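Take a look at the structure below.
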């Protein structure tokens, strides 16, 4: 499957934050913008740097009025420990079965011999459930263009011209 383009309807998903909790379902967030941060692997250096950057600038991200979710193929146990160690103010969801990464077209066949991890990617979804911005990194060592992502979310709050 190819990567979804801006303007298309965002595929719904239900992913766990932790076992024993209700899953997070994207369609529950209709009416508010959502930012999805797909990361290849928990505890890896660049992934940790990415989520720490968002956390450290949470005043900006939090003021945008969007729900932010990180998504990793790691188990809910690993993601929770990773999130707790970093002190992130947003949930890290487990895409252990690779359903969301597949639906968004960002599941890599191979990353250094590891099969089935997500490309580092960002999707901004508007309140009506449409993709308004997407960035997909081909090189897992490259961070997303955070200023572009913030601008894309801020643009959702601007009145139509």
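The values are calculated or read from the model by the stated rules, or taken from the named source; none is laboratory data. Treat the numbers as computed from the prediction; the structure is a model and nothing was measured. No Cβ is skipped: glycine too gets one built from the backbone with ideal geometry, and neighbour counts run over all protein chains shown.
Within the stretch 58-70, can one find any residue that is more than 22 Å from residue 143 (Cα to Cα) and either exposed (fewer than 13 other Cβ atoms within 10 Å of the Cβ) or out of contact with any strand residue (DSSP E or B) (no Cβ under 9 Å at 6 or more places or on another chain) (or both)? Write out each step before concluding.
Residues of the stretch 58-70 more than 22 Å from residue 143 (Cα to Cα): 65.
Narrowing the set further to residues that are either exposed (fewer than 13 other Cβ atoms within 10 Å of the Cβ) or out of contact with any strand residue (DSSP E or B) (no Cβ under 9 Å at 6 or more places or on another chain) (or both) leaves 65.
Yes, there is a match, as at least one residue in the stretch 58-70 is more than 22 Å from residue 143 (Cα to Cα) and either exposed (fewer than 13 other Cβ atoms within 10 Å of the Cβ) or out of contact with any strand residue (DSSP E or B) (no Cβ under 9 Å at 6 or more places or on another chain) (or both).
Which residues, taken from the stretch 1-38, are in contact with a helix residue (DSSP H, G or I) (Cβ under 8 Å, 6 or more places away or on another chain), over 13 Å from residue 104 (Cβ atoms) and in a loop (DSSP other than H, G, I, E, B)?
17, 18, 19, 33
Considering each residue of the stretch 39-70, count those that are touching a helix residue (DSSP H, G or I) at 6+ places or on another chain (Cβ under 7 Å), part of a helix (DSSP H, G or I) and touching a residue at least 60 places away in the same chain (Cβ under 8 Å), and give that number. Reasoning before the result, please.
Step one: of the stretch 39-70, the residues touching a helix residue (DSSP H, G or I) at 6+ places or on another chain (Cβ under 7 Å) are 39-43, 48, 51-55, 60-61, 64, 66-68, 70.
So of that shortlist, the ones also part of a helix (DSSP H, G or I) come out as 48, 51-55, 60-61.
Still in the running and touching a residue at least 60 places away in the same chain (Cβ under 8 Å): 53-54, 60-61.
Residues meeting the conditions: 4.
Here are 39, 3, 34: which of them is modelled with pLDDT under 95, in contact with a strand residue (DSSP E or B) (Cβ under 6 Å, 6 or more places away or on another chain) and closer than 28 Å to residue 155 by Cα? Before you say what the answer is, go through the steps one by one.
Working: 39 fails: modelled with pLDDT under 95; 34 fails: modelled with pLDDT under 95.
Answer to the check: 3.
Give the residues of the stretch 71-89 that are part of a loop (DSSP other than H, G, I, E, B), surrounded by fewer than 22 Cβ atoms within 10 Å (Cβ to Cβ) and touching a helix residue (DSSP H, G or I) at 6+ places or on another chain (Cβ under 7 Å), sorted by residue number.
Hits for the stretch 71-89 are 87, 88, 89.
Could you check how many residues of the stretch 99-132 are assigned to a strand (DSSP E or B), out of contact with any helix residue (DSSP H, G or I) (no Cβ under 9 Å at 6 or more places or on another chain) and surrounded by fewer than 22 Cβ atoms within 10 Å (Cβ to Cβ)?
We begin by selecting, within the stretch 99-132, every residue assigned to a strand (DSSP E or B); these are 107, 111, 114, 118, 121-125, 130-132.
Narrowing further to those that are out of contact with any helix residue (DSSP H, G or I) (no Cβ under 9 Å at 6 or more places or on another chain): 111, 114, 123, 130-131.
Among the residues that remain, those that are also surrounded by fewer than 22 Cβ atoms within 10 Å (Cβ to Cβ) are: 111, 114, 130-131.
Adding up the residues that qualify gives 4.
Exactly one of these conditions fails for residue 143: (1) under 13 Å from residue 38 (Cα atoms); (2) in a loop (DSSP other than H, G, I, E, B); (3) out of contact with any helix residue (DSSP H, G or I) (no Cβ under 6 Å at 6 or more places or on another chain). Give me its number.
(3)
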